[in-house]
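Here's the structure we're looking at; comments come further down.
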Amino acid sequence: MNRTLPIGNDQFRLVREKNEYYVDKSLFIKEFLEKKDTAALITRPRRFGKTLNMTMLREFLDITRDSRKLFDGLNIMETEYVKEMNSRPVVYFTFKDCTGNNPKELMQSVWNSIFQEYRRYYEIFEGTVDKKDLYYIQFYQTLQDGLEKKLDRTDLSFSIQYLLTAVCRFYGKEAVLLVDEYDQPVLCSYENEYREEMGDFFSAMYGAALKGNEYVSQALLTGIQRVAKESIFSKLNNLQVYSVVCKDYAGYFGMTADETQKVLEHYGLGLTEEVRRKYNGYRFGGMDIYNPWSVLNYAKNKRLGDYWVNTSTNYLIRQSLGSAGNHFRKDFDRLIEEGETTAGVNLETSFIELQDTQSLWGLLVNSGYVTVSDDTQGHTVKHGPDRIDGRSHLRYDNTLMKMRIPNDEVRAELQKIVAEQAHISDDSLRGMFWYLQNGDMEHFMSVYQEIVTSCTSYFDAKENAYHMLFLGMCISLRGLYKVTSNVEMGLGRSDIRLEALRLGLCHVLIEFKQGEDIMKLKEEALRQIMDKQYYAGLEGRVLCIGIAHDKKMCRMAWEYVEVKS
């Protein structure tokens, strides 16, 4: 009988005790212990195994637990570090579920997460805490009473430090501090527009816990974004940061090809080209990585669906792309058009602290919407004032990186974002391209006309808006078609070229014209495709389409041609 898949279960102990399917990532513990970082941060997209790894690390090290059975048969048991099992006090917090529509609600959520660990240790101490830890005792009582007594933010900001001090004194050795999804409360405060009010609190809380704390031997944080050196996190400038471009820890978040193949074979599936296109494509530290959440859901449902929705950064991504300036748009359009782009990327700070185009690319990389295919280390570019909000900022040196959309699943999510920005419904897009693929040009034209009518404001943004909008919508066709634009073929450059990649689909060529006489211009656009032989290099049936626009109005002419080799 196949093991249950750990979908929705990111607690290592429960996964092992329930004998659920587990991909052995236990050598993550070995690397953590070998590095001996006083304070470190690992940034990865959501749902790539951060919480599972952090709870595994907690179970292995925590002096209050007996974990040998949990690690039976895992790789870490074959190393010298097995002697470190259950040898250290561990203080663990997870903020992954911390949300709030206002500061009070968020404080309540943070309070609850912190109180869980306070209560666990209060039961362990059993009244034996040294009187020197009066702050801990008093604060535990305050937490126990809840926010009804108007919990002071200053006290809460030192709560982690109070607990670490008490734990260290109780065991006579420094503690290991683990903070899972440290940036979730910060993202929540940004989304709900009260980040400025909470900034000092986050800075004080993390700063007090991490900077020069004599009661901590090692600290590890996980999250999406890298901490800025000059921001609300200024007190955390002693962090060693391991981003998605670092080789360190590269194979421990997400699944490698071998791991993915073993999972799928266990559940009677194969690692096909369709699976690779759908869920592969991430590059972490030079390694090819599959999306683990999507692979597990595919193994369960036996259907190649879009399972990964990065809900915690979804708002931030959509808002940021919607307000991005021309500098970013130029590179983003190239990403949509060609599937990859090269731009300056700032991984030194979080986007919510420095809202410029380089930090936006950094957010897209860290959150999994694009992946780095070639990091040109040492090749840097200086950028001047180009903030998302239009204000000037200091100049930074940022590494030029070649980026691409990792896979079809992310491509579908980006399509939704592009469509939403133009106020296009997802159903309209799917319907329009279904008609196109099935040769129903009248219905295709009808839906396209509706889209043009609904998003006229989008067309006011740039000269080639009709072309770029259609190209953006074509993002969902990658995998079915090779989508290119302005590529020289025949005697000129076609606006959009859809080269069919699967049997049964015909190739598509589209040329756009803009002006008042759209009846004439549509024929000119179609004739241009024919006269300049844009179908050169193709073989088989080709659908040639000329589209003419005059603001909200559009007309189309089309013709099929058979191209022989």
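The values are calculated or read from the model by the stated rules, or taken from the named source; none is laboratory data. Predicted model, so just to flag it, every value in this text is computed and none were measured. Here the Cβ is made from the backbone with ideal geometry for all residues, glycine too, and neighbour counts use every protein chain on show. The protein model used for the area step is the full one, side chains on, heavy atoms only, and it has no ligands, DNA or RNA in it. Shrake-Rupley method; radii C 1.70, N 1.55, O 1.52, S 1.80 Å.
Dividing the summed -39500 (n - 2.57) terms of all DSSP H runs of n ≥ 4 by the residue count of the chain sets its mean residue ellipticity at 222 nm at -12500 deg cm²/dmol.
Shape class of the range 50-189 from the Cα gyration tensor (axes a ≥ b ≥ c, square roots of the eigenvalues): oblate, since a/c reaches 1.5 or more and a/b does not exceed b/c. If R0 is 51 Å, the Cβ-Cβ spacing of GLN449 and THR4 corresponds to a FRET efficiency of close to 0.55. The protection proxy used here, the mean number of other Cβ atoms lying within 10 Å of each residue, ranks peptides 337-344, 219-226, 277-284 as follows, highest first: 219-226, 277-284, 337-344. Loop-located GluC sites (Glu not before Pro) across the range 50-129 with a Cβ neighbour count of 14 or fewer within 10 Å are GLU126, with loop assigned by DSSP.
Select from MET107, ASN192, ILE317 the residue farthest towards the positive end of the dipole of the chain; place +1 on Cβ of Lys and Arg, -1 on Cβ of Asp and Glu, and compute about the Cα centre. Result: MET107, furthest along the dipole toward the positive end. Around the amide H of VAL487, modelled in the peptide plane, lie the amide H atoms of SER494, all under 5 Å away and 5 or more residues distant in sequence or on another chain.
Extending 7 Å from Cα along the Cβ direction at GLN319 and again at GLU80 yields two label points whose distance is 5.0 nm.
Between the amide H of TYR242 and those of LEU41, ILE42, THR43, distances stay under 5 Å, these residues lying 5 or more places away or on another chain, with hydrogens modeled in the peptide plane. Helix 195-210 and the longest principal axis of the Cα set of the chain meet at an angle near 50°. Using the alpha-carbon atoms, what tilt in degrees (0 to 90, nearest 10) does helix 257-266 show relative to the longest principal axis of the chain? Taking the Cα atoms of the chain, the angle to 257-266 is about 90 degrees.
Pull out a ≥ b ≥ c, the square roots of the eigenvalues of the alpha-carbon gyration tensor of the range 7-74, then state rounded if a/c is under 1.5, prolate if not and a/b is larger than b/c, and oblate in the remaining case. Because a/c hits 1.5 or more and a/b fails to exceed b/c, the range 7-74 counts as oblate. Applying 1/(1 + (r/R0)^6) with R0 = 45 Å to the Cβ-Cβ distance of ASN19 and ARG493 gives a FRET efficiency near 0.15. Counting only Cβ charges, +1 for Lys and Arg and -1 for Asp and Glu, the dipole size of the chain around its Cα centre is about 640 debye. Between the range 276-344 and the range 42-73, what is the separation of their alpha carbon centroids in Å? Here the answer is 27 Å between Cα centres. Our estimate of slack between LYS35 and GLN533, defined as 0.36 nm per intervening residue step minus the Cα-Cα distance, is 173.2 nm. The angle between the Cα long axis of helix 134-145 and the longest principal axis of the Cα atoms of the chain comes to about 60 degrees, rounded to the nearest 10. Note on Cα extents along the principal axes in Å: of the candidates [x] 68, 49, 43; [y] 90, 56, 45; [z] 89, 58, 50, the value calculated from this structure sits at [y].
Modelled this way, with points 7 Å down the Cα-to-C-beta line, the labels at ARG120 and SER87 are 2.1 nm from one another.
Taking a temperature of 25 °C and a viscosity of 0.890 mPa s, what whole-number D in µm²/s does Stokes-Einstein yield for the range 177-230 with Rh from Kirkwood over alpha carbon pairs?
Here the translational diffusion coefficient equals 202 µm²/s.
Taking amide H atoms as placed 1.01 Å from N in the peptide plane, the amide H of VAL563 lies under 5 Å from those of GLY540, ARG541, VAL542, each 5 or more residues away in sequence or on another chain. When each of the peptides 549-562, 286-299 is scored by how many other beta carbons lie within 10 Å of its residues on average, the order from highest to lowest is 286-299, 549-562. Surface composition of the chain: carbon plus sulfur atoms contribute 45% of the solvent-accessible area (1.4 Å probe, protein chains only, all chains present).
When the Cα positions of SER446, ILE424, PRO6 are compared along the charge dipole of the chain, PRO6 comes out farthest toward the positive end, with charges on each C-beta of Lys, Arg, Asp and Glu.
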